[in-house]
Every structure is written in C-alpha cells, then in structure tokens.
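Below is one structure, written out as structure tokens; the observations come after it.
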Amino acid sequence: MRIFVFLSLWGMFTGGVSAQKTLTGLAPVADTKLYYEIEGKGEPVVFIHETALDSRQWNAQWNAFARHFRVIRYDIRGFGQSARARDPHNPSDDLKALLDFLKIEKAHLVGVALGGNVALNFAATHPERVLKIVAADANPDGFTDGTPQLKAVVNKIVDLASHQGWHDEQQDVWLRSPLMRLYAADDKTIINLSEMIADYHGDHFINPRIDPAFGTPTTLDLVSSIRAPTLLLVGEKDEESFHRAADTMAQKIPNVRKAVIKGAGHLSNMDKPKTFNKLVINFLSTSPMTIK
C-alpha cells in the first residue's frame, strides 16, 4: 500500500518538506481510467514515467517539487494502478484528457524515457497546453539510429515474456538490463524499482501490439515545431542509443538545452535524484529562454 500523507524531513533537493495530503483518484478519460496523484501549490508540473514502471518512479522528486509547484504524477494507461491496455492507443491523447479532467490549462511536463517521448509528442501536438518540457533519457518514436545492443536487449525480453510470461526469471532479466541498471542509487530506490517491476504485469512485452502508439508524423518528425523551452537530460552511463537520440533532438528543437547527468544511467531521476532535482527545479523556475 502506498502512503499518501507525507511529513517533510528533508531539504529542497533531497525530498523536500511537505505536510500536505496527496489527492489521489482514478480519472475516467476516453475509454480508460488513469490513476493520478496531486500535491502542492503553484504552476502545475506533470511527471511521466518509463515503460514497465509507474508513478512511484518519481518518489525522490515528489516532496522536493511540491515545495515549489503543484505536482501531478499519473500511471500511463496499462501501467501501475491505471486500467490495463487492450488496444493500441496514443498516450498524448490520454494526457490531454487527464489535464482536461483535472481542469489544468497549462503545465510543465517532466518525463523519463517513454515519459519523455510523451512529453515531447504532447508539446508538439498541443503547444498551447505546455509551459516547459524536460525529457530525460528519451528515445522518441521515429528515431532509428539505435545500437544493435539496445535492439537485442528489447528483443530478448519480448521473446522471453511472449513465450514464458512475466515471472521472476523474466523480471530479473529486465532488472539486469542496461535500461534498468542503477549505478548510484541507494537501497531504498533499488527496492522501489524492484517493487515496480514485480507489480507490473508484463503486458507490453507479452503482447507488443498494445504498446503506446504515437501515430504519424512521428515524434522525431514533430520536435522541430516545439516552441516551449526544452531541457534534454541524459545519464552519463545510459546506453549509447539515448545519447544519440538526445544529440539528434538537440539539433532539431529550436529552444533547447542539453545536459548530461554524471554517474547516472537510463533512469537518471532515480540514480542521481539530487542532481536531477536541482537541474529541473532551476530550469522550471527561471524565466523562459529566448528562441534561437
């Protein structure tokens, strides 16, 4: 069970101080239900998680950001406590429906990996709804310069899950993959990651047909139209494909900054939360950048 009342004990970049209640609910949007949590006051910041994880990925950000912003985290359709996915769907459409349900006109978007793709796609297709974007360790749909090693990792887990299901052995293979490896995280974070993987049902590996589908044009084709200030982050030790993707997007997005988080892997917000929090809070709190 998750605990939804947090008593603050830490400082700004280590978890923050909060004695507020977290509002939780299931939003009936489109043809699904999305689990969400809200806390804090100020400009809205929406956190969007990675594949096979859920909103708990943002535990190390939650209290720190709630000191300065109205924070929202949710489980993408098919993950966490949201309804399971049955058909292909566009997560950008789901995010728009969630913001409409919550009566949020504009928000900052902060996403890791799949969540970064959602943030970028949403910003390109609904520019009037976005304040700033942070996309960390993202591999946008349409990007084809991934390494053979990354493709082999994904193909291996899909092959295992589709033939054997999603049990301890398959979960362990995924946890030991470069995409889930934590290089600097503490024991609490490692346990959090393991629990999310154990709670995940493996649907998207067992049946990739239900993967999130962003449609055409691809997100990579659309990013050059993004006008919101954008921060691209990538973990220093992340798989090479994600460094290539960040470099490609940095050349295409007009109003962009890029930073590397030293010592972090693919899940940079979990691996180096203090650095991640400081970079992102500073970026969201500063005046908008001038478009090139």
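The table that follows gives values for the structure above.
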item: Cleavage-rule hits (GluC sites (Glu not before Pro)) in region 203-292: DSSP loop, at most 15 neighbouring Cβ within 10 angstrom; result: Glu236
item: For region 130-183: rounded, prolate or oblate by the Cα gyration tensor [a/c cutoff 1.5]; result: prolate
item: Cβ-placed point charges (K, R +1; D, E -1), dipole of region 186-281 about Cα centre in debye, nearest 20; result: 600
item: Solvent exposure of region 88-225 as accessible area per residue, Å², 1.4 Å probe; result: 44
item: Environment charge at Leu175 (Cβ cut-off 12 Å; Lys +1, Arg +1, Asp -1, Glu -1); result: -2
item: The chain: proportion of alpha-carbon pairs further apart than 26 angstrom, %; result: 39
item: Gyration tensor (Cα) of region 70-123, equivalent ellipsoid semi-axes in angstrom; result: 17, 13, 11
item: Percentage relative contact order, the chain, counting C-alpha pairs under 8 Å, at least six apart; result: 19
item: Alpha carbon convex hull of region 127-279, volume per residue in cubic angstrom; result: 126
item: Sulfur and carbon atoms: percent of accessible area, the chain [1.4 Å]; result: 53
item: Segment Ala250-Ile191, length gained on full extension (0.36 nm per residue, minus Cα span); result: 17.9 nm
item: Shape category assigned to region 45-194 from the gyration tensor of Cα positions, a/c cut at 1.5; result: prolate
item: In sequence order, calculated HN-Hα J values of region 173-179 (Karplus, 6.51, -1.76, 1.60; Hz; x Gly/Pro); result: 4, 5, 5, 8, 6, x, 6
item: Global geometry of region 24-76, whether rounded, prolate or oblate, following the gyration tensor of its Cα atoms and the 1.5 cut on a/c; result: oblate
item: Computed [θ] at 222 nm, deg cm²/dmol, the chain (DSSP H ≥ 4; -39,500 (n - 2.57); rounded to nearest 500); result: -10500 deg cm²/dmol
item: Region 77-234: relative contact order in percent, alpha carbon pairs under 8 Å with at least 6 residues between; result: 36
item: Dimensions (Å) - region 188-273, Cα atoms, principal axes, largest first; result: 40, 35, 23
item: Label zone at Arg227 (point 7 Å along Cα-to-Cβ), backbone N below 18 Å, region 234-265; result: 252-257
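The values are calculated or read from the model by the stated rules, or taken from the named source; none is laboratory data. Keep in mind that what you see is a predicted model, and the values were worked out from it rather than measured. Here Cβ is always computed from backbone atoms with ideal geometry, including for glycine, and neighbour counts include all displayed protein chains. When the accessible area is computed, the model is the full protein with side chains, heavy atoms only, and any ligands, DNA or RNA have been set aside. Shrake-Rupley method; radii C 1.70, N 1.55, O 1.52, S 1.80 Å.
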